[in-house]
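K.L.:
For reference, the structure I am asking about is given below.
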Amino acid sequence: MNAIRLADLLRAELTKTRTLPATWVALGVASAANTVLGLLAATDSVRLAGPDGPVAIGQLDTLMVAPVYVFVAIAVFAAGSEYRAGQLRVSLAAVPGRHRLAAAKLAAVTAACLLAAGPAVLPGHLVRPVADPAALLTVYLLLSLIGYGFAVVARGVVAPLAVLFVTPVLISPALRGSMPDAVRLLPHEAALSLLGLPADPATALNRTGGLLTLIAWAGLSVGAGWAALVRRDA
């Protein structure tokens, strides 16, 4: 039997991602959220209570970047949904070469996130620019790859989505005062630094440092997911 070509594997993985309802839900919600936040920030029609009085939404950098944590569901579901009902076992039976399958999955999710990031980000950016669009697209891609690798390791979608959401909402604020050197290396803080929107000067990196930190997290997560798929999953 002839080995399945890598191009055919890539096409099959892209088809899986494209036909997942979660892909389109995540893309639609992220795009709508970015647009709504952009409109609210541009018109300054809504302010939220803060310790020093009402704060304009456009000044809440974490909130303005929050739709990325909906967008990462595209990559997380692409990886984690295969563990339901034994679908991954079918893939492994069809493609015994696990490194080739891992390569195809990684290439497919990268391509899908690159294609989807523009429609998710640009409507809101056109309404009210938050950061450099290239940096914003990079953040969307790298955080998605972190979620992808985590989903493979966790064999599901709940844990990676929960951790990625809870980290900026609970963990970073709780540790920011006592452990700023550690907090600045967390993915969310690195993403804000890359965008030039650090939540706190004490946890800020320069943009290059933010980019390198995110690349390191993405590399570690993808590497762990690759190793899990090749050596552990059955």
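K.L.:
How large, in percent, is the carbon and sulfur part of the accessible surface of the chain at a probe radius of 1.4 Å? Write down the numbers at each step before the final one.
P.N.:
Details: 7770 of 11190 Å².
In the chain, the share of accessible area belonging to carbon and sulfur is 69 percent.
K.L.:
Roughly what percent of Cα-Cα pairs across the chain reach past 24 Å?
P.N.:
So the portion of pairs separated by more than 24 Å is 46 percent.
K.L.:
Compute the long axis of helix 133-154 from its Cα atoms, compare it with the longest principal axis of the Cα atoms of the chain, and write down the angle in degrees, 0 to 90, nearest 10.
P.N.:
Compared with the principal axis, the helix lies near 50 degrees.
K.L.:
Also, quick follow-up: Using bins 5 angstrom wide from zero, how does P(r) for region 110-177 break down, in % of all Cα pairs?
P.N.:
Taking every Cα pair in region 110-177, the percentages come to 3, 15, 19, 18, 21, 16, 7, 1.
K.L.:
Taking trypsin sites (Lys or Arg not before Pro) as candidate sites, keep only those in a DSSP loop with at most 11 other Cβ atoms within 10 Å, then name the longest stretch of the chain containing none of them.
P.N.:
6-231
K.L.:
Viscosity 0.692 mPa s, temperature 37 °C: what is the translational diffusion coefficient of region 1-45 from Stokes-Einstein with a Kirkwood Rh over Cα pairs, rounded to a whole number of µm²/s?
P.N.:
Translational D for this selection: 247 µm²/s.
K.L.:
What accessible area per residue comes out for the chain, rounded to a whole number of Å², with a 1.4 Å probe?
P.N.:
I get 48 Å² per residue for the chain.
K.L.:
Another question about this same structure. Angle check, please: helix 207-231 long axis (alpha carbons) against the longest principal axis of the chain (alpha carbons), in degrees 0 to 90, nearest 10.
P.N.:
Taking Cα atoms only, the helix is inclined about 30 degrees.
K.L.:
Now, a different point. Work out how much length Asp132 to Asn206 would gain on full extension: take 0.36 nm times their residue separation and subtract the Cα-Cα distance, in nm to one decimal.
P.N.:
Taking 0.36 nm per residue and subtracting the Cα distance, the gain is 25.2 nm.
K.L.:
Can you work out ³J(HN,Hα) from phi for every residue in region 123-128, in order, using Karplus 6.51 cos²θ - 1.76 cosθ + 1.60 and θ = phi - 60°, giving whole Hz and x for Gly and Pro?
P.N.:
With the stated coefficients, region 123-128 comes to x, x, 5, 5, 6, 7 Hz.
K.L.:
A further question on this structure: Could you tell me the ratio Rg/Rh of region 117-224? Both radii from Cα atoms, Rh via Kirkwood.
P.N.:
Working: Rg = 13.9 Å, Rh = 14.3 Å.
A ratio of 0.97.
K.L.:
Next question, about the same structure. Which value at 222 nm does the chain reach when only helices count, each DSSP H run of 4 or more adding -39,500 (n - 2.57), with the total divided by all residues and rounded to the nearest 500 deg cm²/dmol?
P.N.:
So the calculated ellipticity at 222 nm is -22000 deg cm²/dmol.
K.L.:
Once both axes come from the Cα atoms, what is the angle between helix 21-43 and the longest principal axis of the chain, in degrees from 0 to 90, rounded to 10?
P.N.:
The answer is roughly 10 degrees.
The values are calculated or read from the model by the stated rules, or taken from the named source; none is laboratory data. None of the values given here were measured: they were computed from a predicted structure. Don't worry about glycine lacking a Cβ; one is built from the backbone with ideal geometry, like all the others, and counts go over all protein chains shown. Surface accessibility is based on the protein's heavy atoms, side chains included, excluding ligands, DNA and RNA. Shrake-Rupley method; radii C 1.70, N 1.55, O 1.52, S 1.80 Å.
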